[in-house]
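Here the structure is laid out as structure tokens; the discussion comes afterwards.
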Amino acid sequence: MLYKVLKDNGLNKGDYVVKPVGGGPARFEAMTKDKTSAAAVLNPPFTFRAQAAGLRDMGATARAIGAYQSDGAFVMRNWARANGDLIVRYIRALIEGRRWALDPANKAEGTQLLIDRLQLPPQIATSTFALIADPVDGLTKDAKLDMEGFRNVLRLRAEIEGQWGGNPPPPEKYLDLSYYERALAGLLGFAR
């Protein structure tokens, strides 16, 4: 994603040096401690922590690149066939957790969890919870795959990284949504 944002702002791969430092916490720390670490893709709560630290926000990545499926769970097909019931139970738990997090009745408790577990200041926890619960920019209902977002992931990898000779494969090549569908069907009686 960062490569695309930089490219769209006139910077090509030879114009900068990439310093892989890890996930959100490591990226945030690198940018606040090393001025040569000048750009990173951050997710909440690190976006809000970066703003509080005086770093410039270039805007939401999704607004620059379009829909993007940023999270998911991946397993090998053979393992999935041998452990289908386990996968369905995992996905059910994920959906139940997502439903809890998106339920407005849990806002205060969810915000407090962010404060306690991630040791966030209250204002950053409040901003983070508001964003993840936002119906447009937040977490997807029932942890549903954003097919257009996944297509865009493949398109960006083909465009920026040159994978697949620049021609992205169809998303269906990588997906088996039957486990998700089974999990969701088992929860329908509990839908909110």
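The values are calculated or read from the model by the stated rules, or taken from the named source; none is laboratory data. The structure displayed is predicted, hence computed values, not measured ones. As a convention, Cβ positions derive from the backbone with ideal geometry for all residues, glycine included, and neighbour counts pool all protein chains shown. Keep in mind that these areas ignore ligands, DNA and RNA; they rest on the heavy atoms of the full protein, side chains included. Shrake-Rupley method; radii C 1.70, N 1.55, O 1.52, S 1.80 Å.
Just to be sure before I move on: is residue 99 open to solvent by less than 40 Å² (accessible area, probe 1.4 Å) and either outside any loop (DSSP other than H, G, I, E, B) or in contact (Cβ under 8 Å) with a residue 40 or more places away in the chain (or both) in the structure I sent? Judged against the criteria, residue 99 is a match.
In segment 47-67, the residue that is nearest to the chain's Cα centre (by Cα) out of those that are among the charged types (D, E, K, R) and outside any loop (DSSP other than H, G, I, E, B) is 63.
Among the residues that make up segment 77-90, is at least one of them modelled with pLDDT of 95 or more and not in a helix (DSSP H, G or I)? Yes, segment 77-90 has at least one match.
Among what's in segment 102-123 and is touching a Phe, Trp or Tyr at 6+ places or on another chain (Cβ under 6 Å) and within 28 Å of residue 185 (Cβ to Cβ), pick the residue that is most open to solvent (accessible area, probe 1.4 Å). Per the stated criteria, the residue is 106.
Note on segment 8-46: among residues that are without any contact (Cβ under 8 Å) to a residue 12 or more places away in the chain and part of a helix (DSSP H, G or I), the one that is surrounded by the most Cβ atoms within 10 Å (Cβ to Cβ) is 30.
Of the residues making up segment 75-87, at least one is open to solvent by 80 Å² or more (accessible area, probe 1.4 Å) and in contact (Cβ under 8 Å) with a residue 24 or more places away in the chain. If I go through segment 130-142 residue by residue, how many of them are touching a residue at least 24 places away in the same chain (Cβ under 8 Å), open to solvent by less than 60 Å² (accessible area, probe 1.4 Å), outside any helix (DSSP H, G or I) and more than 20 Å from residue 91 (Cβ to Cβ)? Count: 1.
Based on what the data block shows, is residue 93 open to solvent by 30 Å² or more (accessible area, probe 1.4 Å) and in contact (Cβ under 8 Å) with a residue 12 or more places away in the chain? Against the criterion (open to solvent by 30 Å² or more (accessible area, probe 1.4 Å) and in contact (Cβ under 8 Å) with a residue 12 or more places away in the chain), residue 93 does not qualify.
Screening the candidates 81, 63, 77, 49 for the property of being in contact with a helix residue (DSSP H, G or I) (Cβ under 8 Å, 6 or more places away or on another chain) and of a type in the set (Lys, Arg) yields one hit, 49.
Among the residues of segment 143-192, the ones that are open to solvent by 80 Å² or more (accessible area, probe 1.4 Å) and aliphatic (A, V, I, L, M) come to 1 in all. Here residue 168 fulfils each of the conditions (1) under 18 Å from the mean Cα position of the chain (by Cα); (2) modelled with pLDDT of 95 or more apart from (1).
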